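The values are calculated or read from the model by the stated rules, or taken from the named source; none is laboratory data. Treat the numbers as computed from the prediction; the structure is a model and nothing was measured. With ideal geometry, Cβ positions are generated from the backbone for all residues, glycine too; neighbour counts draw on all protein chains shown. Side chains included, ligands, DNA and RNA excluded: accessible areas come from the protein's heavy atoms. Shrake-Rupley method; radii C 1.70, N 1.55, O 1.52, S 1.80 Å.
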Amino acid sequence: MRITGKIAACVVCFIIAAGGYVFYRTSLTGEQPVPAIAPAKTFSMDILRAKARKLAENKYQPPFFNIPDELKKLSYDQYRDIRFVREHGPWYNQKLPFEIQFFHTGSIFQTQVLINEIIDNKVIPLKYSANFFNYGRNKLAGLDENIGYAGFRLHSKLNSPAYYDELISFLGASYFRALGKGQKYGISARGLAIDTAVQTGEEFPVFKEFWIEKPRRRSETVKVYALLDSPSAAGAYRFEITPGKNTVVDVEAAIYPRTKINKLGIAPLTSMYLFGENTKNRFDDHRPEVHDSDGLLIHNGNDEWLWRPLDNSRYLRISSFEDNNPKGFGLMQRDRNPWHYLDFEAYYEQRPSVWVEPVGDWGKGVIQLVEIPSIQEIHDNIVAFWVPGKPVEPGKEYIYKYRLNWCMEAPVPEDVAKVRDTYTGIGGVSGMLETEKRKFVVNFTRLKHIKKDIQDGLITADVSASEGKIKGVHLMYNPLTKGAVVYTDFIPDGKTTELRIVLKKDDKPVSEVWSYQWLP
């Protein structure tokens, strides 16, 4: 099981991150719990915004965990023994392009979320029923509709017209993850990130209620709406999900801060990087690489493509990339060679990349990458998101629209050479101690006439370091990759350093900018 929200370092925070919050409220008089917000007779995005706005105007109500102890005490294996019975599902055998299945509450998943169905703009609550589940070897009694669900997933005929594959799931806090054709679950997205990697501690907003628009037989998309809540903010979300080779999730988020927020993360992505070509010397593992994502890709407002290889050092890293109206960013799984993983259970080469395309004017801000030290692959230790440049104030409305592409490849133009892989090691002895010099070897994918242009000196490698010294740059044609390879030695001076490499022709960039942070 993947543990999310790794900044928090206590059991309580782990439960909040992975299992989310319960949003039922109860009285001290022993009355039955009632939903925090009653179901509406009709539904629209405007109505949902009004709910979120009103929620933010009131004092935050802490979660109340209201599931039976026998569910809370389930072990992980016992919880996994509870399975949804597809044939009992509410959309089963209706010849619809999508089916819905629910996650049971229990074990660490103690959040109770309300789930509603929208039919012709009318809201119909989907109440808990034990008939939806096969409990396996578990002996559970006294389960009524008040225990609710932990979340849900949607299925579609993603890979075959004869089978409904899992398409997207919403489970735990504001986490969700989707799949494109031929992909396996890896990276997750979140509705909102608040104070990630801040010393005061991270806050985990929760999707406390969902509305799912029942599709028609010829529908190509399915719409999901969600109400978000946390101590610092409330929000209204719309997700329009289109399955395919690249599954697309169009997101509209209306955010209403309750308080002034130190760091607001928009379109947050959460992934795992344990080790790769540039970090494997830290791990005694039979596999060459272990990661769900291997780099952050940015297409900034100046039309520059930037690639930051992920790393797993012994220290927390926070990298900020200033921008104005970014054109896209995402956490990529660029290495698709199964020989580089040799894991025939995890199939890391089939994990999706997620590319974020902002819609409209996002203004000035930073794309922030947080890399958290980790020693196990069960931990998500990579987070990336957009931080607005202007302070976020309570009582205001903030609208963000963006598209999430769950893809195998990001849309880098063919005339831009992509960073293929990054290697680093001892830089040689030539008159100094081996540990005083680091060698970096960066491979770029092919370009038209790349071999001849390198031989004729038409393409050059521009290498720079913010601190320390660059000693020697050697650009060669790589006959194995049929691309370019840059060798360079770096002499650190004890300070954190930003290294950059870009290929140029006629003094213009013809590749992504390789950007690497060196920690002393």
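When GLY395 is tested against (1) exposed (fewer than 14 other Cβ atoms within 10 Å of the Cβ); (2) touching a strand residue (DSSP E or B) at 6+ places or on another chain (Cβ under 6 Å), only condition (2) is not met. Scanning the range 275-287 for residues that are in contact with a Ser or Thr (Cβ under 9 Å, 6 or more places away or on another chain) and open to solvent by less than 10 Å² (accessible area, probe 1.4 Å) yields GLY276, THR279. When LYS439 is tested against (1) open to solvent by less than 70 Å² (accessible area, probe 1.4 Å); (2) in a loop (DSSP other than H, G, I, E, B); (3) charged (D, E, K, R), just one condition goes unmet, and that condition is (2).
Applying the condition of being among the acidic types (Asp, Glu) and in a strand (DSSP E or B) to the range 481-520 and asking which residue is nearest to ASN302 (Cα to Cα) yields GLU498. Filter the range 302-333 for residues that are open to solvent by 30 Å² or more (accessible area, probe 1.4 Å), within 25 Å of LYS401 (Cβ to Cβ) and in a loop (DSSP other than H, G, I, E, B) and give the result. Within the range 302-333, ASN302, ASP303, GLU304, ASN325, LYS327 meet the criteria.
Candidates ALA461, ALA410: the one that is assigned to a strand (DSSP E or B) and either open to solvent by less than 30 Å² (accessible area, probe 1.4 Å) or at pLDDT below 95 (or both) is ALA461.
Look at the range 350-366: where a residue is under 13 Å from VAL251 (Cβ atoms) and a partner is in a strand (DSSP E or B) and open to solvent by 50 Å² or more (accessible area, probe 1.4 Å), sitting 6+ places away or on another chain with Cβ atoms under 7 Å, you get GLU357/ARG403; VAL359/LYS401; VAL359/ARG403; GLY360/LYS401. If you go through the range 251-262 and keep only what is farther than 19 Å from LEU167 by Cα and crowded, with 19+ Cβ neighbours inside 10 Å, you end up with ALA253, ALA254, ILE255, TYR256, PRO257, ARG258, ILE261. Can you name every one of the strands (runs of 3 or more DSSP E) wholly within the range 83-178 that holds 2 or more residues which are aromatic (Phe, Trp, Tyr), under 24 Å from ASN66 (Cα atoms) and open to solvent by less than 40 Å² (accessible area, probe 1.4 Å)? Passing ranges, in order: 98-104, 149-160, 175-178. Of all the listed residues (VAL224, VAL248), the sole one being assigned to a strand (DSSP E or B), surrounded by fewer than 21 Cβ atoms within 10 Å (Cβ to Cβ) and among the aliphatic types (A, V, I, L, M) is VAL248.
Close contacts from the range 187-208, counting a first residue that is closer than 21 Å to ALA254 by Cβ and a second that is in a strand (DSSP E or B) and open to solvent by 20 Å² or more (accessible area, probe 1.4 Å), with Cβ to Cβ under 6 Å and a gap of 6+ residues or different chains, come to ILE194/GLU203; ASP195/GLU203. Residues that are farther than 21 Å from GLY106 by Cβ, crowded, with 21+ Cβ neighbours inside 10 Å and among the hydroxyl-bearing types (Ser, Thr, Tyr) occur at least once in the range 192-205. Among residues of the range 383-400 being touching a residue at least 40 places away in the same chain (Cβ under 8 Å) and in a loop (DSSP other than H, G, I, E, B), the one that is farthest from LEU269 (Cα to Cα) is GLY395. Residue-level check: of (1) without any contact (Cβ under 8 Å) to a residue 12 or more places away in the chain; (2) in contact with a Pro (Cβ under 7 Å, 6 or more places away or on another chain); (3) of a type outside the set (Gly, Ala, Ser), GLU414 misses just (2). So, in the range 344-362, exactly how many residues are of a type in the set (Gly, Ala, Ser), assigned to a loop (DSSP other than H, G, I, E, B) and over 16 Å from PRO288 (Cα atoms)? Summing the residues that are of a type in the set (Gly, Ala, Ser), assigned to a loop (DSSP other than H, G, I, E, B) and over 16 Å from PRO288 (Cα atoms) in the range 344-362 gives 1.
Looking across the range 366-382, the residues that are open to solvent by less than 10 Å² (accessible area, probe 1.4 Å) and in a strand (DSSP E or B) come down to ILE367, LEU369, VAL370, GLU371, ILE382.
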